[in-house]
1. Are any of the residues in region 11-19 farther than 22 Å from Gly128 by Cβ, assigned to a loop (DSSP other than H, G, I, E, B) and hydrophobic (A, V, I, L, M, F, W, C)?
2. Got at least one residue in region 92-105 being closer than 22 Å to Met1 by Cβ and assigned to a strand (DSSP E or B)?
3. When you look at Ile102, is it touching a strand residue (DSSP E or B) at 6+ places or on another chain (Cβ under 7 Å) and over 15 Å from Arg28 (Cα atoms), yes or no?
4. Contact list please: Cβ distance under 8 Å, first residue in region 119-134 and touching a residue at least 40 places away in the same chain (Cβ under 8 Å) and hydrophobic (A, V, I, L, M, F, W, C), second residue assigned to a loop (DSSP other than H, G, I, E, B) and surrounded by 22 or more Cβ atoms within 10 Å (Cβ to Cβ), pairs at least six apart or on different chains.
5. Go through (1) under 24 Å from Tyr9 (Cβ atoms); (2) open to solvent by less than 40 Å² (accessible area, probe 1.4 Å) for Ile102 and report which single condition fails.
6. Criterion first (of a type in the set (Ser, Thr, Tyr), under 17 Å from Gly128 (Cβ atoms) and free of Cβ contacts under 8 Å to residues at least 24 places away in the same chain) does Thr39 satisfy it?
7. Check Ala68, Ala35, Ala57 and return the single one that is over 19 Å from Leu104 (Cα atoms), within 13 Å of the chain's Cα centre (by Cα) and not in a loop (DSSP other than H, G, I, E, B).
8. Can you find a residue that is out of contact with any Asp or Glu (no Cβ under 7 Å at 6 or more places or on another chain), open to solvent by less than 20 Å² (accessible area, probe 1.4 Å) and farther than 25 Å from Lys17 by Cβ anywhere in region 59-80?
Amino acid sequence: MADLLVSLYTDKLAELKNKADNVAVTIRPVLAPEAQLVTDWVREHFSANWGSEVAVAITRQPSACLIAIENGELVGFACYDATARGFFGPTGVHPDKQGKGIGLALFSATLQTMKTLGHAYAFIGDAGPVDFYAKAAGAIEIPAKDKGIYEGMLRAKRT
């Protein structure tokens, strides 16, 4: 998968925010007392690797992990500055809640937060839905020969 680059000073960011404002979820940073609950949720619904990144993001000041809440229930998350400064991700929405704009809202809120904190660009490492990021925020592929920051990463063996 490709690494992507998103300018945080593009008009696409304002368009993204306008679309995201119509999504009926609350998006906010993770509070310290919620850290274990959120990390466990991510491990259960996504992966241990993402759980590790979430744990790191939550411990940053301010918390670099945003969550989406619907009717008092955790339905999604998005992190930044977890594996490397300036990186967006990981991010995920509960499978039962996908397709409702929650991922778009999390993406928008995270990019807005990164811009507020002084980032000019956001990197998306090993981006899965490349077309989504390109359409939503004008993300472009970074032409690089190597695999990127996740090259050689240890992974759990599947049995």
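1. Looking through region 11-19, none of the residues is farther than 22 Å from Gly128 by Cβ, assigned to a loop (DSSP other than H, G, I, E, B) and hydrophobic (A, V, I, L, M, F, W, C).
2. Yes, some residue in region 92-105 is closer than 22 Å to Met1 by Cβ and assigned to a strand (DSSP E or B).
3. Working: touching a strand residue (DSSP E or B) at 6+ places or on another chain (Cβ under 7 Å): yes; over 15 Å from Arg28 (Cα atoms): no.
When the stated conditions are applied, Ile102 does not pass them.
4. From region 119-134, the pairs are Ile124/Ala139; Ala127/Ala139; Val130/Ala139.
5. Every listed condition holds for Ile102 apart from (1).
6. It is false that Thr39 is of a type in the set (Ser, Thr, Tyr), under 17 Å from Gly128 (Cβ atoms) and free of Cβ contacts under 8 Å to residues at least 24 places away in the same chain.
7. From the options Ala68, Ala35, Ala57, the qualifying one is Ala57.
8. There is no residue in region 59-80 that is out of contact with any Asp or Glu (no Cβ under 7 Å at 6 or more places or on another chain), open to solvent by less than 20 Å² (accessible area, probe 1.4 Å) and farther than 25 Å from Lys17 by Cβ.
The values are calculated or read from the model by the stated rules, or taken from the named source; none is laboratory data. Please read all numbers here as calculations on a predicted model, not as lab measurements. Cβ: placed from backbone, ideal geometry, glycine included. Neighbour counts: every protein chain shown. Side chains are part of the model used for accessible areas, which takes the heavy atoms of the whole protein and leaves out ligands, DNA and RNA. Shrake-Rupley method; radii C 1.70, N 1.55, O 1.52, S 1.80 Å.
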